[in-house]
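Heads up, the thing below is written out as structure tokens.
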Amino acid sequence: MLYYISRIHILVSLSSLLVFFGGIYIYLGHSIPSFSVCPDNGWRIGDLTMQTGLKYAQPSTQNGRTDVNSVTNWNAPLVWEGTFDPVVIDAIYKKMDPRVAVVVFAVGKYTRFLKGFLESGEKYFLVDFRVTYYIFTDNEQDVPKIKLGKGRTISVVTIPSAKRWQEVVLGRMKWTTITIDKQIRNEADYLYMMDIDSVFHSRFGAESLSQLSAVLHRGYYKNTQRDQFPYERRAESKAFIPYDEGDYYYTAAVWGGYLEDMYKLVKYCYTQSEEDAKNEIEAVWQEESHLNKYLLYNKPTKVLSPEYLWSDYDSIPQDIKVVRISQLVKNYAEVRPNGGQ
């Protein structure tokens, strides 16, 4: 079922005005409201305890994946199928009972992807966990009515339309920052950012949870040298990364973390993009460029393999044992507001 907000909030700071009316946010000005606070007292991964009597396969110290690396050079897990037991890890994290937010943007013709994303999410994404899908859209009437599991809800946030797809991409950081401040912070402990033009195909579970989880981009995870990553290379941009630096190239289509850590990262991408705009420059891959800059110097605590965001455009190599979620083939010229340009 759908939940809508009906109250009115008007808050004023010296540099901006934020009005919230009937599920609609109107933001005037370019700065984040000065009343924003970022408390650090939310949900955290706690003791790794589980109930007695749970049956599962005995783990081995000798056998496992040998075709891929399962740990980063800063000793964070690099998660692939075969590196965890879903029975064990779900049992542990369900006991912690986090409230999970999933933020997606369905602007313009992208509302056509909502049904497939939500229905497949209910089948495969954090099943039996508490989940709220926050749907940011300019077409509230196009949000489908989906049968949801226990403890799972949909919350619609109305935002303005866009003339360029780049505005949608960059706007994700702005509107998410504002809505965390005004709503999500009170309703969730953990937050994922995801692209709506995707469908879940297999289990996407608690193994993805950590303080800050990033997903390897499918196009650059094997043999790409760091000087060939599509980072922003213009020194004039806040997203600039020198050719001789870099760990991995991360996708901005799926990422997650503790609510306040995600707030910090989302706000960073927004404010850095605003600084670029003042200097009349736009990072080569918009918020994905700023995301990669942040994660280079603020390492993710868990790295997820491209199983956690594949693409229907690409064949599946042998090291990808399961595709958990995949981006759909589509006509960008038809679905994007500026014809994909």
task: Using the structure shown, decide if Y190 is in contact with a Pro (Cβ under 9 Å, 6 or more places away or on another chain) and touching a residue at least 12 places away in the same chain (Cβ under 8 Å).
output: yes
field: Verdict on I241 being β-branched (V, I, T) and in contact with an Asp or Glu (Cβ under 7 Å, 6 or more places away or on another chain)
entry: yes
- request: Looking for whichever is open to solvent by less than 30 Å² (accessible area, probe 1.4 Å) and closer than 24 Å to H290 by Cβ here; the options are V143, V107, V131, V168. Which one fits?
  value: V107
- request: Tell me, please, whether a residue that is out of contact with any Pro (no Cβ under 6 Å at 6 or more places or on another chain), hydrophobic (A, V, I, L, M, F, W, C) and not in a loop (DSSP other than H, G, I, E, B) can be found in region 42-54.
  value: no
query: How about region 313-328: which of its residues are among the aliphatic types (A, V, I, L, M) and open to solvent by less than 90 Å² (accessible area, probe 1.4 Å)?
result: I320, V322, V323, I325, L328
field: Residues satisfying the stated conditions in region 251-286, i.e. open to solvent by 10 Å² or more (accessible area, probe 1.4 Å), of a type in the set (D, E) and in contact with a helix residue (DSSP H, G or I) (Cβ under 9 Å, 6 or more places away or on another chain)
entry: E260, E274, E282
message: If I go through region 184-194 residue by residue, how many of them are closer than 16 Å to V104 by Cβ, open to solvent by 10 Å² or more (accessible area, probe 1.4 Å) and in contact with a Phe, Trp or Tyr (Cβ under 8 Å, 6 or more places away or on another chain)?
response: 0
task: Could you please let me know if Y249 is at pLDDT 95 or above and more than 21 Å from S315 (Cα to Cα)?
output: no
task: Specify the residue that is farthest from Q327 (Cα to Cα); the eligible residues are those in region 220-254 that are in a loop (DSSP other than H, G, I, E, B) and among the β-branched types (V, I, T).
output: I241
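The values are calculated or read from the model by the stated rules, or taken from the named source; none is laboratory data. Given the structure is predicted, the values throughout are model-derived calculations rather than measurements. Glycine also receives a Cβ, built like all others from the backbone with ideal geometry; neighbour counts cover every protein chain displayed. Each accessible area value is taken on the protein alone, full model and side chains, heavy atoms only, with ligands, DNA and RNA left out. Shrake-Rupley method; radii C 1.70, N 1.55, O 1.52, S 1.80 Å.
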